[in-house]
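The values are calculated or read from the model by the stated rules, or taken from the named source; none is laboratory data. These numbers come from a predicted model, not from an experiment. Heads up, the Cβs are rebuilt from the backbone with ideal geometry, glycines too, and the neighbour counts pull from every protein chain shown. Accessible surface is based on the protein model in full, side chains and every heavy atom, while ligands, DNA and RNA are left aside. Shrake-Rupley method; radii C 1.70, N 1.55, O 1.52, S 1.80 Å.
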Amino acid sequence: MKRKNGSPWLGGDRLASIGASFISIIIGLLFGFLFLIVLSLINSGGEGFISVITNAWKYGFKQILMGGFYLPPISIGQEIAATAPLILTGLSVGFAFKTGLFNIGAAGQYTLGAFGALFCAIVLGLPWWACLLGATLFGALWGAIPGIFKAYLNIHEVITSIMFNWIGLYAVNTIMYGGGTGVMYDSTKTKVWDLRSLFPASVIPNMGLAAYFKNRSTTIAIFLAIVIAIVIYIVIDKTTFGYELKACGFNKSAARYAGISEKKNIVLSMVIAGALAGFGAGLFYLSGIAEWRPLDSTALPAIGFNGIAVALLASSNPIGTIFSALFISHITTGGSLMNSQYFPPEIADIISGIIIYLCAFSLLFKQMLMKKRGSQKLAVDLVDVTVKEPQQIDSFLPEEEVDGKEIDD
């Protein structure tokens, strides 16, 4: 399959993106393994180096590599359940990247999405699909605020997004807690009410997946996330609306000259990004993976920030986001299965963080691959033209060297 310009569909930029992602993953895994070896060496108590490496592999790195497959089928179900919301937060960040914006506020939009989903479920008693719409709406509204500030007041979206992350977190916690008597708050468990036992109609159906994976949190959320990723891919790459959004991201002045309203598109981009993050929160809490704890008010949801790593690893490609989210979820699940006698549970987060951090370098590797590929292509073209039609080599040389006296000299 070829594009109109004759380049292969899986060539050039896409191939470099995939190659860069694989390089990032391999380097990240190697760093993680080295970190485990160092920890194993510190705790070895004088054991030989072979034993140190064996312990690092057997009790730590093996679990990370195998992920959910280390303890099937339950862990596979957990991995799938954790992947769905991660796809959406990755799409949220990646969509904004595509339109020239940095949506670091995905965590706040995710928080408001969680509030919307739980409010619709607990207070209004709506079915799961309506709760998902509520989560999407709340996320979209919270995403619109930085977009409006950016479009009409020229305030950078990073500043407003960070501020509204914390405003959203404290507002949601205050409303849910309600001084200990909030309608959404279960004071006996210090968290919101359990949807599965009290509001079963608000829980996303599992269609037999829960029984297959022996994990009741494994629902059809993963399929919904994949469908949304495909829809976003079509919107971004196949529609005029997506082209206009990307045009504003590439060059606002050129877009304005072409008759595109850059202010409207900035706001719309942030609205869609916020809606995606909110939808992800709905998938998480309406699947019953966990309950919101209003008293844990010192940290934003990590899944919102993990979306940045997912988007970077996928080079903001919506389809690639599915696979990068699955990978991040895979190593995170595997990290939680490490032997706690040799490696404390917190080490899993450090290892996952190292790998995720290095995955963020995928853009750097992509540029290196593109630069190398460009040099090789130019060399091949020069050789090919020289062999077939030597006179065409002039077209590859600077104009002044062809027409000027420099060649004669």
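Would you list LYS252, LYS366 from the most to the least accessible area, probe 1.4 Å?
Ranking LYS252, LYS366 by accessible area, largest first, yields LYS252, LYS366.
Given a 1.4 Å probe, how much area per residue of the range 198-346 is accessible, in Å²?
For the range 198-346, the solvent-accessible area averages 45 Å² per residue.
Top to bottom by accessible area (1.4 Å), largest first, where do MET207, MET66, MET270, MET368 land?
MET207, MET368, MET66, MET270
Please list 3J(HN,Hα) in residue order for the range 276-285, calculated via the Karplus relation 6.51 cos²θ - 1.76 cosθ + 1.60 where θ = phi - 60°; whole Hz, with x for glycine and proline.
Karplus-based 3J(HN,Hα) across the range 276-285 equals 5, 5, x, 4, x, 5, x, 4, 5, 7 Hz.
Which entries of LYS189/LYS214; LYS191/LYS264; LYS98/LYS189; LYS62/LYS214; LYS98/LYS191; LYS191/LYS214 have Cα-Cα distances beyond 32 Å here?
LYS191/LYS264; LYS98/LYS189; LYS98/LYS191
Could you give each residue of the range 329-336 its phi-based ³J(HN,Hα) in whole Hz, using Karplus coefficients 6.51, -1.76, 1.60 with θ = phi - 60°, and x for Gly or Pro?
5, 4, 6, 5, 5, x, x, 6
Residue by residue, what Karplus-based ³J(HN,Hα) values in Hz, rounded to whole numbers, does the range 180-188 have, using 6.51, -1.76 and 1.60 with θ = phi - 60° and x for Gly and Pro?
Taking θ as phi minus 60°, the curve returns x, 10, x, 5, 9, 9, 9, 5, 6 Hz for the range 180-188.
Pop out the carbon and sulfur fraction of the accessible area of the range 103-218 as a percent, whole number, probe 1.4 Å.
The computed percentage sits at 71.
Once the whole set of protein chains is in place, how much accessible area is left on LYS214, using a 1.4 Å probe, in Å² to the nearest 10?
140
Could you order peptides 317-323, 94-100, 179-185 by the average number of other Cβ atoms within 10 Å of their residues, highest first?
By packing density, highest mean first, the sequence is 94-100, 317-323, 179-185.
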